[in-house]
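J.: Once you've had a glance at the structure underneath, I'll fire off some questions.
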Amino acid sequence: MRTRTVTAATALAVLFSSAALAATTPAFADTGAPLPIRSTGDIVVDGVHRQVFISDPSNGKIVVTDYSGAVLKQLTANLSGVSGLELSADSGTLYAAVQDLDAVAVIDTATDTETARYAVGDKPRSVALAGGRLWFGYGGATQGDIGSVDLTDDRHEVTLGQDDRWYEAPLLDAAPGSATLVAGEPDQSPVELASYDVSSGTATRLAYTREAGSNLGDLQVTPDGKDVVVASGAPYYQQVFKTSDLNEDGKYTSTNYPNAVAIAPDGTVAGGTDSSYAPDIYIFHPGSSEAVRDYELGDSGTLLAAGGLAWAPDGSRLFAVVYDGMGAYTLHGYDTPGRAATTVTVNAPATAARAKQLTVTGTVSSTAALPAGTRVAVTRTDLDSPNGKALPAVTVRADGGYSFTDTPPAGGKVTYQVSYAGDSEHAAASGKDTVDVSRAAPTLTLNNNGKVYAYGQDVKFTAHLGTTYKNRSVQIWADPFGADKPNKLVTSGKVDAHGNLSVTLDLKRDTKVTAKFTGDARWAPRSVSSSVGAKVSISMTASGQYKTKKTWGQTYAFFHKAKNPRFTTKMPYYGGRAQRFDFQVYYQGRWYADTSKYFALATSGISQVEITGNHKQDVGWRFRVRSDYINGTSGDTVNSTTYGAWKYFTFTN
């Protein structure tokens, strides 16, 4: 049939292809699956067994995949240079031209095993069935010719030398069941094209032309046998010629460097190109020069292989062999590509009021005219109907426009999706737009804001929720100060009959407490916070005194003048925390600050301070000390400023 050749890829691509054998690819539509090849010769589709055959001349193998692109088998035995492929009418037999072995391999598609081999002419390039025979184009440079195998004879007699006027092996094709064969010379400018009557078993030329452009990449005869569609590098469209006289009979407008053509049984034409900056595949209705749909394979480095298109026999899917700049190949599949591309736009207002009517407009457009009375389905998705609610269908106007009104019962994000189901001529499509519908602001309060509590005190926080629609649940979060304590959900649930939800927290740090209402269909989400303080616990003990005594209205520690007082402070530890040590002296009825200094806490939370010096001069004087935590200057900010209790002492002889 048709032959395609792409230059062998790099060793890196070989490794990539080998690795792909282990891949498991799910069923796909309009996507690709990796192929373990480094060149491509031909592609045909077996609709009976739902498998795809791709020849790889460089590796000398035929890869068999299912419709999802998953590799089922690789045929590698004695297939060096395998190129053109052809399926029998019942898809039971695959014929493969094996160039390097001067043969045509015969493969049973039910088992994917070779059952016979025909020795034919030198370097067979392509194969095609016509007039009860298998025809093949063969021959090296300056020796191109056409031969045939008689499939009606058990001996499968091979006849060579049917037309030696070709420079090298031509590409062949014929319509199913036809007795007209078409041949074209690849890699030549201008392209030579010829048609033959093969009903007698001998190829008799009907017509010949040199008007088929330059650098032939592919050709295929239409299912009715009337025309042949040609993909040559130039001109920049797929040419159409009558098979009877090879006069021009139209064109399919694609873009620069056409390199592939495939025709579905209903006549739908897929035209491929080797274009880097335009769509790669174009779909045409029979006889219409303008595409009803096109496909872009990817970035500029992703290209369609020459002759790399093939239809499933029922026309439901198109397959394409694609390669990238690294030489990695993939098999792409496109569902119902013969249907004209359709676009649905939806335009809804950005904002709207709940329970007030709004209007949605849009268009339905296609590359093929839509039938009169086309209707689209409308679905509204909102907080009351998260799975969508069907609204009345809408009729599309003759100009492709439509409009409808709706009164959204729920607030929040409301999405309108408009869907066109498609038909035998048009692909399905849908579009959507979202409206931000207003909701009322609920009442939500939380007590205790700004209060300061003792370290470790149990404090009750109560959130109060006012009127709402359906949601009566509230969350309460506690976020203690300090990066080491995360914000944490401490309670959640429905409020009581009075609208209240409470939680008791053991406060050991300043804490931001937040009540959250997530909203419902009519009332907006809301959150409120209360920031409360938590002091630290501070204890101080004295050591070294010889007695304690209640005097001057306080309890004093008495130290001999030769003894240094030692004061041990304990408070909760936090990284980098220090206590502030205050020292005061009493004179003439007043306490005077002598000094304040900061001393680091050990990780145990303990800090010891010893008062040294010549205490002989301190005899009879009254002193006091305390430990403080000062938010910010004590090394951190996770607690509220806390002043410890005074410790009183004096010296004696």
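What follows is calculated from the coordinates using simple rules that are stated; it is not laboratory data. For clarity, every value in this text was computed on a predicted model and none was experimentally measured. With ideal geometry, Cβ positions are generated from the backbone for all residues, glycine too; neighbour counts draw on all protein chains shown.
J.: Which links in 485/647; 73/251; 485/570; 460/535; 356/494 stretch past 27 Å when you go from one Cα to the other?
T.: Where the Cα-Cα span goes over 27 Å, the pairs concerned are 485/647; 73/251; 356/494.
J.: Return the tail of the calculated pair distribution for the stretch 203-353, meaning the percent of Cα-Cα pairs more than 20 Å apart.
T.: Working: 5544 of 11325 pairs.
More than 20 Å apart: 49 percent of the Cα pairs in the stretch 203-353.
J.: Once you charge only the Cβ atoms, +1 for Lys and Arg and -1 for Asp and Glu, what is the size of the charge dipole of the stretch 111-171 about its Cα centre, to the nearest 20 debye?
T.: 140 debye
J.: As a test, work out the antiparallel percent of DSSP beta bridges whose residues both lie in the chain, rounded to the nearest 5.
T.: Working: 198 of 211 bridges.
Here the share of antiparallel DSSP bridges comes out near 95 percent.
J.: Using a/c under 1.5 as the rounded threshold, could you call the stretch 162-276 rounded, prolate or oblate? The axes a ≥ b ≥ c are square roots of the C-alpha gyration tensor eigenvalues, and prolate needs a/b larger than b/c, oblate otherwise.
T.: Oblate shape, in that a/c is at least 1.5 and b/c is the bigger or equal ratio.
J.: Tell me which lysines have Cα within less than 23 Å of residue 123's Cα, excluding those fewer than 8 residues away on the same chain?
T.: 61
J.: Determine by what factor the alpha-carbon radius of gyration of the stretch 539-652 differs from 2.2 N^0.38 Å, reporting the quotient. Don't skip to the answer; put the middle values down first.
T.: Working: Rg = 14.6 Å, N = 114, 2.2 N^0.38 = 13.3 Å.
Ratio of Cα Rg to 2.2 N^0.38 Å: 1.10.
J.: Which value, to two decimals, describes the C-alpha radius of gyration of the stretch 274-392 once divided by 2.2 N^0.38 Å?
T.: Ratio of Cα Rg to 2.2 N^0.38 Å: 1.49.
J.: Please work out the Cα center distance from the stretch 177-202 to the stretch 578-653, rounded to the nearest Å.
T.: After rounding, the separation between the Cα centres reads 110 Å.
J.: Roughly how tilted is helix 11-20, in degrees to the nearest 10 and between 0 and 90, from the longest Cα axis of the chain?
T.: Computed tilt is about 80 degrees.
J.: If you don't mind, another one. As an exercise, take the mean of 1/r over every pair of distinct alpha carbons in the stretch 342-437, invert it, and state the Kirkwood radius in angstroms.
T.: 13.6 Å
J.: Under a crude label model (7 Å from the Cα following the beta-carbon direction), how far is residue 150 from residue 116 in nanometres?
T.: It works out to 1.3 nm between the two label points.
J.: Taking the alpha-carbon set of the chain, what are its Rg and Dmax in Å?
T.: Rg, Dmax (Cα atoms, Å): 43.8, 142.
J.: What is the Cα centroid distance between the stretch 343-373 and the stretch 504-518, reported in whole angstrom?
T.: Cα centroid to Cα centroid, the span is 47 Å.
J.: Using the Karplus curve 6.51 cos²θ - 1.76 cosθ + 1.60 with θ = phi - 60°, work out ³J(HN,Hα) for each residue of the stretch 314-331 in order, rounded to whole Hz, and write x for Gly and Pro.
T.: Each residue of the stretch 314-331 in turn: 8, x, 7, 8, 10, 10, 9, 8, 10, 9, 10, x, 8, x, 8, 9, 9, 9 Hz.
J.: Quote the charge dipole size of the chain about the Cα centre in Debye, to the nearest 20; the model charges only the Cβ of Lys and Arg (+1) and of Asp and Glu (-1).
T.: For the chain, the charge dipole is close to 8820 debye.
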